[in-house]
1. Using only the alpha carbons of segment A:166-305, what is the convex hull's orientation-averaged projected area in square nanometres?
2. Hey, which lysines would be in cross-link range of B:Lys111, C-alpha to C-alpha under 16 Å, not counting anything within fewer than 8 residues on its own chain?
3. As a quick test, which of the pairs B:Lys240/B:Lys284; A:Lys55/B:Lys170; B:Lys217/B:Lys247; B:Lys46/B:Lys240 have an alpha carbon distance above 21 angstrom in this structure?
4. Using a Gaussian network model on chain A with a 10 Å cutoff between Cα atoms, which of A:Gly266, A:Gly241, A:Gly119 fluctuates the most?
5. State the Kirkwood hydrodynamic radius of the protein assembly as shown in Å, one decimal place, computed from all pairs of distinct Cα atoms.
6. Counting alpha carbon pairs within less than 8 Å and at least 6 residues apart, what relative contact order, in whole percent, applies to segment A:83-267?
7. Using a 10 Å cut-off around each Cβ of peptide B:171-182, what is the average number of partner chain Cβ atoms that fall inside?
8. Show me B:159-167, A:209-217, B:173-181 ranked by packing, highest mean number of other Cβ atoms within 10 Å first.
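Derivation of every value follows stated rules applied to the coordinates shown; laboratory data play no part. The structure presented is a predicted model; accordingly, all values stated were derived computationally and were not measured. Here the Cβ is made from the backbone with ideal geometry for all residues, glycine too, and neighbour counts use every protein chain on show.
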Amino acid sequence: MDNIKAKLTVKSKSSKREMNGKIISMFCTTIIVVLVISLIGFIASKGIAIFVVDKVNIFDFLTHSVWSADKTDSQGRPLLGALPMIVGSFGVTFLATIIATPFAVAAAIFMTEISPKLGNKVLQPVIELLVGIPSVVYGFIGVSVVVPLVRKMFGGSGFGILAGTFVLFVMILPTITSMSIDALKAVPRHYREAALAVGATRWQTISRVVLKAGAPGLFTAVVFGMARAFGEALAVQMVIGNAMLLPQNLISPASTLTSVLTMNMGNTVMGTTSNNALWSLALLLLLMSLLFNSLVKFIAKKGTL
Amino acid sequence: MKKTWLLVISFVSLIILTGCGNSKEETITAVGSSAVQPLTEAAGEKYSELNKDSYINVQGGGTGTGLSQIQSGAVDIGNSDLFAEQKKGIDADKLVGYQICVVGIVPIVNKELNVDNLSLSQLRKIFSGEITNWKEVGGPDLAITVVNRANGSGTRSVFENSVMNNIETKSSQEQDSSGMVRQIISNTPGSISYVALPYLNSDAKALTIDHKAATPKNIINNDWKIWAYEHMYTQKNANKLTKDFVKYILSDEVQNDIVKKMKYIPMKDMKYQKDINGHVTPIKR
């Protein structure tokens, strides 16, 4: 009797194992969550310092275009206007995405609808190769090939948003392409069969059925491409010229949020206004990537309805 | 159970591996100004050859990094182009500073440009944005592309203190390293920038100012005005290796050999001195 009772109440080996597994995975998850929260908390606490301590107006921060932490306005507040960087960041991001999307979608259509065999053999490896190239290599090619080319064709010094756009175009192309391929592959086969059955041509099937059904996935791909472009630092910094001026045109030197960060980190002292101002830019970047992420979530939700 | 053991073993080996460096070898880290980095590296290598168990780890990162890292005690030596007092947020009283050499900074232009000389006021006007075309200073009809160093860079501060006379530089292209500046100048027609003398090579053309070249002789006599001290800062209670290494750099052995070879100027050679406000006075001997 006792024997049976003991057997039933004492934990078996496998239930112990399950318990251990649970504890370990809980522990790891907690660490990740704590890490993310403290990261966001840290950046936020540093990033709001210039608004709280130095009393910079948040509206001025977003709309003024003089960035000089050492100088102050009539009320003794440091001149911190991030507009040139914000314009630069959005400029390269949108332009690169606009150029890259048609190419990416076309490549995805080719791979899923027109010639999957050739696509798998040639296109897939090429795209994977593009993903694997480190961004410093893109930047190096940008400085030594793209910038002189832009200078020859459009004048100016060659450094600017246009050069940044070209470099980013190549960098986000594989991201958008591979995600577009997944999106189109996910369109159920019977949609295509039904279209063919009612007598649609291949082009009609692609343009009216496959692209429509895959639209949410394609949008997600584009947003991911934008997020990648927005966050890219090194390659853009090498070709954009890093002038904290509102870009007059596409070939005048400009700057992005990320390029200013990488440029100036080493020259500021922790705790000073100029350092805190950089943290504010980092916070802005973080908020933007949160926005991109929620955009993706939102599109995915819409798509399933 | 096997997995538990694997976990334990990997943790233990991690701890052992981290502890590996603690054998007899002693290491110090010097971080900061890229203008003095080549000198620190060369001297560090020589020092390690002479003292087998010592290793000097040298990193760049900029004057700001050097000063903030030494202030927080994260490194043993902070290299700086500026006096610590000149940098906001640095408490100079807590640090010990050594002036280890003098470095000249020289304006450079694209090699194709047929301008060899500028007056100091012309140079100032180019960087303030008053002069925007090379024809205004006797060159070809070509727009001037000004390439600056990042705001807060030591080299830029020195250049501005010696050239700009409190006139603001116009916002323009900025680059975060001397190497990058040099490459852009060599590729871009009509561009102008400035680098520390040790970084000058055949990629770009050095300008003379008021027909004086940036030679050691001219710097020693203050005929070339754009120069500054290179500083090494340590904590007050620096360890023996740190003190010893600074002493080694200040020794004649390094000053007369590596320092001169790398186009820096030894402290002892200078006939003029500059105070923290940029006032230059002859040294009385």
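1. Values: hull surface 44.3 nm².
Seen from a random direction, the Cα hull of segment A:166-305 projects 11.1 nm² on average.
2. B:Lys205
3. Working: B:Lys240/B:Lys284 33 Å; A:Lys55/B:Lys170 26 Å; B:Lys217/B:Lys247 25 Å; B:Lys46/B:Lys240 18 Å.
Over 21 Å apart, Cα to Cα: B:Lys240/B:Lys284; A:Lys55/B:Lys170; B:Lys217/B:Lys247.
4. Result for chain A, Cα springs under 10 Å: A:Gly266 fluctuates most.
5. Details: mean 1/r = 0.0360 Å⁻¹.
27.8 Å is the Kirkwood radius here.
6. Working: 285 pairs, mean separation 68.6, N = 185.
So the answer I get is 37 percent.
7. Numbers: counts 11, 7, 12, 11, 6, 10, 2, 0, 0, 4, 0, 0.
Partner-chain Cβ atoms within 10 Å, mean over residues of B:171-182: 5.
8. My ranking of the peptides, most packed first, is B:173-181, A:209-217, B:159-167.
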